[in-house]
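Take a look at the structure below.
The values are calculated or read from the model by the stated rules, or taken from the named source; none is laboratory data. Because the structure is a prediction, the values reported are computed rather than measured. FYI the Cβ positions are ideal-geometry reconstructions off the backbone, even for glycines, and counts take in every protein chain you see.
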Amino acid sequence: MARKIPLREFHQQVLKRLESAAATEDAPVSKLGVEVNEEKWLVDLSSISEVVPVPNLVPVPLTHSWFRGVANVRGTLYGVTDLAALTGCGPTLPALDNRMLLVHPRFGVNAGILVRRVFGLRSPGQFRVLDSEGERPLWVAGEYRDDEGSRWKELDVGFLMRYPDFLNVGIYRRMDVFTGAPQEPSAD
């Protein structure tokens, strides 16, 4: 049975490992293991700046269902995407284990990615690359199997932060002012 550690201690350990990974350029880049719905995902540590508990989210009307709203983290606003909903798995149900990955500022987008929970750091050496089975979303950098036989997907955060459909969170439907019926946007 795994040893239970307090949440604060866990976050401090992850931050120390993030800092040491960033300080050593020759070391292989570690991946952060997260759970999205029932799937296991890997996120390159250089793509995120921090992992935080999910703060209060302010919903934004007329946005896609996967866009959960805006969050204030120490005075900075982040648009929050539910990765499970984005990948078509349905929304992430609120739980104490939910976390938000803050996307690294180098991408120029204040974005947070909502995940079900964080597993911790994973070494690239514990994974075998799997051949692609059919088409996969463009933001999936690869698929892997670990030593225990579990399947993992790797999130390409850089691609996601440049993907126009991801960046356009709004649903652009105008309403007819007289009837209230939705209209397609005009070219004006």
| request: Kindly indicate whether M161 is touching a residue at least 40 places away in the same chain (Cβ under 8 Å) and over 18 Å from P55 (Cβ atoms). | output: yes
| query | Does the range 123-136 contain at least one residue that is buried (at least 17 other Cβ atoms within 10 Å of the Cβ), touching an Asp or Glu at 6+ places or on another chain (Cβ under 8 Å), at pLDDT 95 or above and of a type outside the set (D, E, K, R)? | reply | no
| query | In the range 137-159, which residues are surrounded by 14 or more Cβ atoms within 10 Å (Cβ to Cβ) and small (G, A, S)? | reply | A141, G142, G158
| field | Number of the exception - S123 against (1) closer than 14 Å to L160 by Cα; (2) out of contact with any Leu (no Cβ under 9 Å at 6 or more places or on another chain); (3) among the hydroxyl-bearing types (S, T, Y) | value | (1)
| query | Quick check: is even one residue across the range 78-85 crowded, with 19+ Cβ neighbours inside 10 Å, touching a helix residue (DSSP H, G or I) at 6+ places or on another chain (Cβ under 8 Å) and charged (D, E, K, R)? | reply | no
